[in-house]
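Read-outs: derived from the displayed coordinates by stated rules, not from any lab. Since the model is a prediction, treat every value here as computed from it, not as a measurement. Cβ placement follows ideal geometry from the backbone for every residue including glycine, while neighbour counts extend to all protein chains displayed.
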Amino acid sequence: MRAAVVARYGPPEVVSVVDAPDPVAGKGQVLVRVRATTLNSGDARIRGCRFPRGFALPGRLALGIRGPRRAVLGGVYSGVVEAVGPGVDDVAVGDEVCGMTGAGMGAHAELVAVRADRMTPKPAGVDHEQAAAILFGGKTARHFLRDRLAPGRRVLVNGASGAVGSAAVQVAHLAGAHVTGVCSARNAELVRSLGADEVVDHASTPVLELATTYDVVLDTVGNLDRHSGLRLLSADGVLLLVAGSLADTVLARGRVRAGVSSEDPADFAWLLERLAAGELRAVVDRTLPLSDIVEAHRVVDSGRKVGNLVITP
Ligand SMILES: NC(=O)c1ccc[n+]([C@@H]2O[C@H](COP(=O)([O-])OP(=O)(O)OC[C@H]3O[C@@H](n4cnc5c(N)ncnc54)[C@H](OP(=O)(O)O)[C@@H]3O)[C@@H](O)[C@H]2O)c1
């Protein structure tokens, strides 16, 4: 199969597309022919060894000292079952499925072996690109916003036009919250169309200069921390630091939440159902073939990606 391999940490040019041995579906696994995957902020962070403050050493220890031990990145897949491993009896060759690969990654390739019990059937009315594009930002938004939303609650999404932000605006809007999105002026219309009631241009009003307070502040940018973000909260407000530093993550408690979001197939099913019903939209910046993986990394590194970047192997 063809796969995008990261030989060592570095700029986008360290990634190359090579012939690699086909993975094999082990016990409880399924081999999926990947029709669409995404290149996320997480993939670019690993490739560039650029982690939130404090995570550099733990990141290298966990992922590899000079380069990622898992040389094929990519945490999201949508595709077709090509082979079924031992112990899997409720999945058939030809089924259309999607999901995330956890620490194993490996989806920036034509084939990926995944756990059958973590997959979700792809609804017929949702194409592979849309399915792949909703999962990463959608599951993160669901994880952080779970139990925090109610009609009329005032929610601030900082970084509203990115993968996580574009999903968070929609998840909060669907729950009836009053949503304010912070993004650049060029993305204001998009963020409004996703359900934001108000949009703030971060070039003219830095997030920390906002005069209002919010019941929920979800930061995907990393320019708020557990101290500075508190001044944006209402009396019982909660601060959700999606891109929090190591200190923010370790010290998060009470009104401040941080940490790594879970990859829950129940969230995937929820997102796909709403996508199929037209209640949610997967925002796609562009779709590129696997052969353009270096260009895809450059787009994500620019920090100006709008929504999601889809790769079709
Ligand atoms: N904790 C977890 O489990 C978890 C899960 C997923 C992601 N993350 C982290 O969350 C962060 C966001 O991820 P992502 O995939 O959504 O990123 P992304 O898609 O790459 O975000 C790009 C967006 O950031 C916006 N942006 C840049 N500077 C901004 C500013 N000063 N104010 C407001 N928006 C700004 C840009 O919008 P404009 O061009 O409109 O300015 C751009 O659309 C990353 O640090 C990622 O590592 C954490």
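Summary of computed values
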item	result
Selection status of S291, within 16 Å of the ligand (Cβ to nearest atom), in contact (Cβ under 8 Å) with a residue 40 or more places away in the chain and polar (S, T, N, Q)	no
One residue from V157, V164 being in contact with a Gly (Cβ under 6 Å, 6 or more places away or on another chain) and either within 22 Å of E273 (Cα to Cα) or surrounded by fewer than 22 Cβ atoms within 10 Å (Cβ to Cβ) (or both)	V164
Within region 16-53, considering residues that are among the β-branched types (V, I, T) and in contact with a helix residue (DSSP H, G or I) (Cβ under 9 Å, 6 or more places away or on another chain), the one nearest to L73 (Cα to Cα)	I46
Checklist (1) touching a strand residue (DSSP E or B) at 6+ places or on another chain (Cβ under 8 Å); (2) buried (at least 17 other Cβ atoms within 10 Å of the Cβ) applied to A269, failing item	(2)
Qualifying residue in region 253-276 (condition: of a type in the set (S, T, N, Q) and either within 9 Å of the ligand (Cβ to nearest atom) or touching a Pro at 6+ places or on another chain (Cβ under 8 Å) (or both))	yes
Helices (runs of 4 or more DSSP H) contained entirely in region 232-313, each with at least 2 residues that are more than 25 Å from T101 (Cβ to Cβ)	246-251
Region 43-75: number of residues that are within 18 Å of the chain's Cα centre (by Cα) and closer than 19 Å to A20 by Cβ	7
Residues of region 170-223 that turn out to be outside any strand (DSSP E or B), over 20 Å from E279 (Cβ atoms), of a type outside the set (V, I, T) and near the ligand (Cβ under 10 Å from one of its atoms), as a count	10
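Each row is one residue, and each column tells you yes or no for (1) within 16 Å of the ligand (Cβ to nearest atom); (2) free of Cβ contacts under 8 Å to residues at least 12 places away in the same chain; (3) farther than 23 Å from V260 by Cβ.
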position: R115; (1), (2), (3): no, no, no
position: R118; (1), (2), (3): no, no, no
position: A124; (1), (2), (3): no, no, yes
position: A131; (1), (2), (3): no, no, no
position: G138; (1), (2), (3): yes, no, no
position: R142; (1), (2), (3): yes, no, no
position: R146; (1), (2), (3): yes, yes, no
position: L149; (1), (2), (3): no, no, no
position: R154; (1), (2), (3): no, no, yes
